[in-house]
Amino acid sequence: MEKQGVITLINGPVVTARGMREFAMHEMVYVGDLRLMGEIIRIDEDEATIQVYEDTQGLKVAEPVFGRGEPLSIALGPGLLGNIFDGVGRPLGAVYEKGGIFIPRGIKVPQIDPDKLWELEPAVKIGDVATPGTVVATVKETPLVVHKIMVPPAVEGEFTFVLPKGTYKADVVVAKVRDNRGQEIEITMVQRWPVRVPRPCREHLTPKEPLITGQRVIDGFFPIAKGGVAAIPGGFGTGKTVTQHQLAKWSEATVVVYIGCGERGNEMTEVLEEFPELEDPRSGRPLMERTILVANTSNMPVAAREASIYTGITLAEYYRDMGYDVAVMADSTSRWAEALREISGRMEEIPAEEGFPAYLPSRLAEFYERAGRVVTLNGDMGSVTIIGAVSPPGGDFTEPVTRHTKRFVRCFWALDKSLANARHFPAINWVDSYSEYVGEVEDWFSLNVDSGWGALRNRAKELLAEDERIQQVVRLVGEDVLPDGERLITFTAYLIKNGYLQQGAFGPDSYSPPSKGFAILSLIMYFYDKALALVRQGVPFSLLRSGDVVTNLVHLKELSAEELEVQLPKIRQDLDTFLEKTGSERLAARGR
Ligand SMILES: Nc1ncnc2c1ncn2[C@@H]1O[C@H](COP(=O)(O)OP(=O)(O)OP(=O)(O)O)[C@@H](O)[C@H]1O
């Protein structure tokens with residue numbers, strides 16, 4: 001008989017039930033006559049506390065609670081890409097078809113479309129050894145991604161049956177494995193996985209390769225490695241969402257999982273409307289063919305928001321296990337932390353800083369720790385990179401979510417209100433931001449872009465720091481008193497800020513390959529070195545900055561990478577000619 005408890009208290013999304021002795025911590029349950037989805041989050045002898053993933057209005061004391069015998073889990077198989085799920089993994093398209101525009105409570109829809117047909121290509125034969133992660137067969141999930149049907153983590157043995165090539169539905173038995181106890185285990189295209197448990201891998205590797213994002217300030221100044229973790233904190237309207245979209249569009253990941261977590265409904269609508277329209281820049285195909293959206297807006301039940309990041313990261317790990325590089329964007333982890341706070345408050349737990357539960361840091365750590373570059377169970381290489389947006393109230397980076405996030409991420413792209421107000425986008429502050437991956441990815445840049453990549457980056461950053469110091473003086477006494485050497489620094493810093501770091505998301509400069517960024521920055525620094533030599537010889541800086549070829553350095557970014565490559569020798573030559581001519585005329589005039 002189905003095990004059953006009874007509701008004794010309802011407090012918003014948190015429900016208490018009795019008669020729960022046989023239930024397990026984190027077990028999924030159906031709550032009430034409507035069979036709402038819930039999860040046990042505390043168990044104390046006979047009494048359990050349940051967070052309910054659906055609206056509890058109308059739920060009554062004394063209604064039953066049924067067990068499902070498994071923790072919060074999702075189905076993993078072909079058909080995930082291009083789909084939009086809610087926080088607990090229900091596909092919103094199928095929910096809409098079955099229940100209409102508002103998600104009806106208690107609705108049950110399969111995560112993986114049971115009727116869709118897939119072209120299956122077997123990859124093993126009878127008698128082959130089956131170990132966790134062995135690729136049994138493949139299906140072309142979308143024109144961009146081959147989906148690998150893998151032996152689930154706990155299964156090991158020998159294949160006794162393999163389905164021949166053909167067109168099948170997802171629930172067909174693709175293969176059978178006889179384990180060492182002689183038991184036969186059926187493998188279908190779908191496997192289930194508990195979302196709060198990280199999927200296993202063979203080995204964690206040091207991240208070494210950058211995840212190219214096409215954003216100069218990131219790739220050039222604060223790079224993230226494949227398998228790395230980054231946070232984008234920023235106050236209201238500083239560009240968190242646009243930056244996340246840019247990363248989803250342009251970053252060199254095979255699969256992107258975008259978790260819209262607790263943002264306002266209209267913002268998520270923008271994502272839902274915009275993403276299906278977007279084109280994958282590399283293939284020209286719809287971006288959705290390599291994207292999964294997890295949408296849990298602020299008007300959807302708060303407990304499902306808490307679950308949404310685990311759903312998202314599990315989806316990402318599953319594609320990592322196929323040997324792909326996966327990027328996870330979570331927007332915003334602050335709204336997720338607020339969900340945690342609300343549930344904790346309703347459970348009457350003792351609050352810590354600003355009402356957040358004391359376990360906020362450990363939950364944040366658990367999430368970010370699921371990133372990484374790994375050797376998968378079948379010996380392939382895959383990675384999950386996590387980029388979490390943080391929205392600190394009032395842009396205050398000392399509040400708990402930002403502060404604790406900072407402990408667990410290695411890249412911090414601090415968005416700056418004053419840069420955003422000045423329409424300098426991306427508004428990533430070059431003084432407060434950092435990347436701890438610079439050392440690890442430098443070899444890659446040296447090999448694939450230019451051996452001078454690291455030195456150039458450091459010099460440009462030093463120059464900006466020097467400019468920062470000079471600006472403080474300027475604020476006190478004005479620009480007029482600056483010696484020419486310092487004027488040259490502030491002018492070069494202006495070129496770096498406006499001609500290199502600034503990059504519009506909505507124009508042709510939206511994606512900038514590392515080679516383009518390197519070319520721009522090296523030309524700017526080339527100008528600086530030449531001009532500095534002349535200034536030291538007494539050539540007035542005002543003459544040096546007057547040439548068109550100098551002022552045009554700020555517009556180099558408007559050229560495409562290919563145009564820039566073609567025009568670079570000519571620009572450099574024009575720059576040389578102008579500087580040499582200006583210098584020699586001036587020095588000759590002084591000598592007369
Ligand atoms: N890289 C960019 N290029 C051009 N414009 C940008 C860029 N980044 C941000 N913007 C501008 O800033 C506006 C606000 O950005 P966005 O909505 O991403 O901010 P947000 O931090 O997510 O805001 P909220 O706090 O409301 O979630 C955008 O509508 C856009 O006009």
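What residue, among those in region 211-251 that are within 13 Å of the ligand (Cβ to nearest atom) and hydroxyl-bearing (Ser, Thr, Tyr), is farthest from the chain's Cα centre (by Cα)?
Thr238
Hey, any hits in region 582-591 for a residue that's assigned by TED's automatic domain parsing to the domain that holds Pro483, more than 23 Å from Arg487 (Cβ to Cβ) and touching a residue at least 40 places away in the same chain (Cβ under 8 Å)?
Checked region 582-591: no residue is assigned by TED's automatic domain parsing to the domain that holds Pro483, more than 23 Å from Arg487 (Cβ to Cβ) and touching a residue at least 40 places away in the same chain (Cβ under 8 Å).
Tell me whether region 389-400 contains one or more residues that are over 28 Å from Phe275 (Cα atoms), touching a strand residue (DSSP E or B) at 6+ places or on another chain (Cβ under 9 Å), away from the ligand (no atom under 16 Å from the Cβ) and not polar (S, T, N, Q).
no
Taking only region 21-77 into account, find how many residues are part of a strand (DSSP E or B), among the charged types (D, E, K, R) and within 15 Å of Ala304 (Cβ to Cβ). Full working, then the answer.
Step one: of region 21-77, the residues part of a strand (DSSP E or B) are 27-31, 36-44, 47-52, 64-71, 73-76.
If we keep only those that are among the charged types (D, E, K, R) as well, we get 27, 39, 42, 44, 47, 68, 70.
Next, only the ones that are within 15 Å of Ala304 (Cβ to Cβ) stay: 39.
The total comes to 1.
Which condition does Leu315 not pass, out of (1) modelled with pLDDT of 90 or more; (2) within 16 Å of the ligand (Cβ to nearest atom), if it passes all the others?
Checking Leu315 against (1) modelled with pLDDT of 90 or more; (2) within 16 Å of the ligand (Cβ to nearest atom), the one that fails is (2).
Those residues that are within 16 Å of the ligand (Cβ to nearest atom) and at pLDDT 95 or above, I need them from region 479-511; list them, please. Quick ask: steps written out before the conclusion?
If we filter region 479-511 for residues that are within 16 Å of the ligand (Cβ to nearest atom), which is where we start, we get 497-511.
Lys497, Asn498, Gly499, Tyr500, Leu501, Gln502, Gln503 - these are the residues of region 479-511 that are within 16 Å of the ligand (Cβ to nearest atom) and at pLDDT 95 or above.
Of all residues in region 512-528, count the ones that are more than 16 Å from Ile571 (Cα to Cα) and more than 16 Å from the ligand (Cβ to nearest atom).
Step one: list which residues in region 512-528 are more than 16 Å from Ile571 (Cα to Cα), which gives 512-515.
The next check asks that each one be more than 16 Å from the ligand (Cβ to nearest atom); those that pass are 513-515.
Result for region 512-528: 3.
Okay, residues lined up against (1) touching a Cys at 6+ places or on another chain (Cβ under 8 Å); (2) closer than 20 Å to Ala303 by Cα; (3) at pLDDT 90 or above:
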site: Glu45; (1), (2), (3): no, no, no
site: Ala48; (1), (2), (3): no, yes, yes
site: Asp55; (1), (2), (3): no, yes, no
site: Glu70; (1), (2), (3): no, yes, no
site: Ile74; (1), (2), (3): no, yes, yes
site: Gly77; (1), (2), (3): no, no, yes
site: Val88; (1), (2), (3): no, yes, no
site: Gly93; (1), (2), (3): no, no, no
site: Ile107; (1), (2), (3): no, yes, no
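Write out, first by first residue and then by second, each pair whose Cβ atoms fall under 7 Å of each other, whose residues are 6+ apart or on separate chains, and whose first residue, in region 425-446, is under 24 Å from Glu468 (Cα atoms) while the second is within 16 Å of the ligand (Cβ to nearest atom) and of a type in the set (D, E, K, R).
Ala427/Asp416; Asn429/Asp416
So, Ala303, is that one more than 30 Å from Gly133 (Cα to Cα), at pLDDT below 80 and either outside any strand (DSSP E or B) or in contact with a Leu (Cβ under 7 Å, 6 or more places away or on another chain) (or both) or not? Reasoning before the result, please.
On the way: more than 30 Å from Gly133 (Cα to Cα): yes; at pLDDT below 80: yes; either outside any strand (DSSP E or B) or in contact with a Leu (Cβ under 7 Å, 6 or more places away or on another chain) (or both): yes.
Taking the combined requirement at face value, the residue satisfies it.
Taking the criterion of being farther than 24 Å from Ile74 by Cβ, surrounded by fewer than 24 Cβ atoms within 10 Å (Cβ to Cβ) and of a type in the set (Asp, Glu), would at least one residue in region 319-342 satisfy it?
Checking region 319-342: not a single residue is farther than 24 Å from Ile74 by Cβ, surrounded by fewer than 24 Cβ atoms within 10 Å (Cβ to Cβ) and of a type in the set (Asp, Glu).
Against the condition at pLDDT 90 or above and not in a loop (DSSP other than H, G, I, E, B), how does Ala17 come out, does it pass?
Spelling it out, Ala17 is indeed at pLDDT 90 or above and not in a loop (DSSP other than H, G, I, E, B).
Identify the single condition in (1) part of a helix (DSSP H, G or I); (2) over 23 Å from Arg423 (Cβ atoms) that Phe491 does not satisfy, given that it satisfies every other one.
(2)
Looking at region 377-388, which of the residues that are among the hydrophobic types (A, V, I, L, M, F, W, C) and more than 14 Å from the ligand (Cβ to nearest atom) is surrounded by the most Cβ atoms within 10 Å (Cβ to Cβ)?
Val384
Of the numbered conditions (1) within 12 Å of the ligand (Cβ to nearest atom); (2) outside the structural domain of Val384 (by TED's automatic domain parsing); (3) among the aliphatic types (A, V, I, L, M), Ile185 satisfies every one except a single condition; which is it?
(1)
Using the structure shown, decide if Glu263 is within 16 Å of the ligand (Cβ to nearest atom), touching a Ser or Thr at 6+ places or on another chain (Cβ under 8 Å) and modelled with pLDDT under 85.
yes
Among what's in region 402-419 and is among the hydrophobic types (A, V, I, L, M, F, W, C), under 17 Å from the mean Cα position of the chain (by Cα) and within 16 Å of the ligand (Cβ to nearest atom), pick the residue that is nearest to Leu247 (Cα to Cα).
First pass over region 402-419, keeping only residues among the hydrophobic types (A, V, I, L, M, F, W, C): 408-409, 411-415, 419.
Narrowing the set further to residues that are under 17 Å from the mean Cα position of the chain (by Cα) leaves 408-409, 411-415.
Next cut, within 16 Å of the ligand (Cβ to nearest atom) only: 412-415.
Working: Phe412: 15, Trp413: 13, Ala414: 15, Leu415: 15 Å.
Filtering first and then ranking leaves Trp413.
Could you check region 533-565 and list, in sequence order, the residues that are part of a helix (DSSP H, G or I) and within 16 Å of Ile496 (Cα to Cα)?
Val549, Val550, Thr551, Asn552, Leu553, Val554, His555, Leu556, Lys557, Glu558
Would a scan of region 434-449 turn up a residue that is at pLDDT 95 or above, polar (S, T, N, Q) and within 16 Å of the ligand (Cβ to nearest atom)?
Scanning region 434-449, I find no residue that is at pLDDT 95 or above, polar (S, T, N, Q) and within 16 Å of the ligand (Cβ to nearest atom), so the answer is no.
In region 375-406, which residues are farther than 22 Å from Arg363 by Cα and in a strand (DSSP E or B)?
Val375, Met381, Gly382
Given the criterion of a type in the set (A, V, I, L, M, F, W, C), more than 16 Å from the ligand (Cβ to nearest atom), without any contact (Cβ under 8 Å) to a residue 12 or more places away in the chain and surrounded by fewer than 22 Cβ atoms within 10 Å (Cβ to Cβ), identify the matching residue among Ala358, Ala422, Ala365.
On inspection, the qualifying residue turns out to be Ala358.
Provide a single number: the residues in region 417-462 that are of a type outside the set (Ser, Thr, Tyr) and part of a helix (DSSP H, G or I).
Matching residues across region 417-462 total 24.
Condition first: at pLDDT below 95 and closer than 23 Å to Val374 by Cβ. Can you find one or more residues in region 174-188 that meet it?
no
The values are calculated or read from the model by the stated rules, or taken from the named source; none is laboratory data. None of the values given here were measured: they were computed from a predicted structure. Quick reminder, even Gly has a Cβ in these numbers, built from the backbone with ideal geometry, and neighbours come from all protein chains shown.
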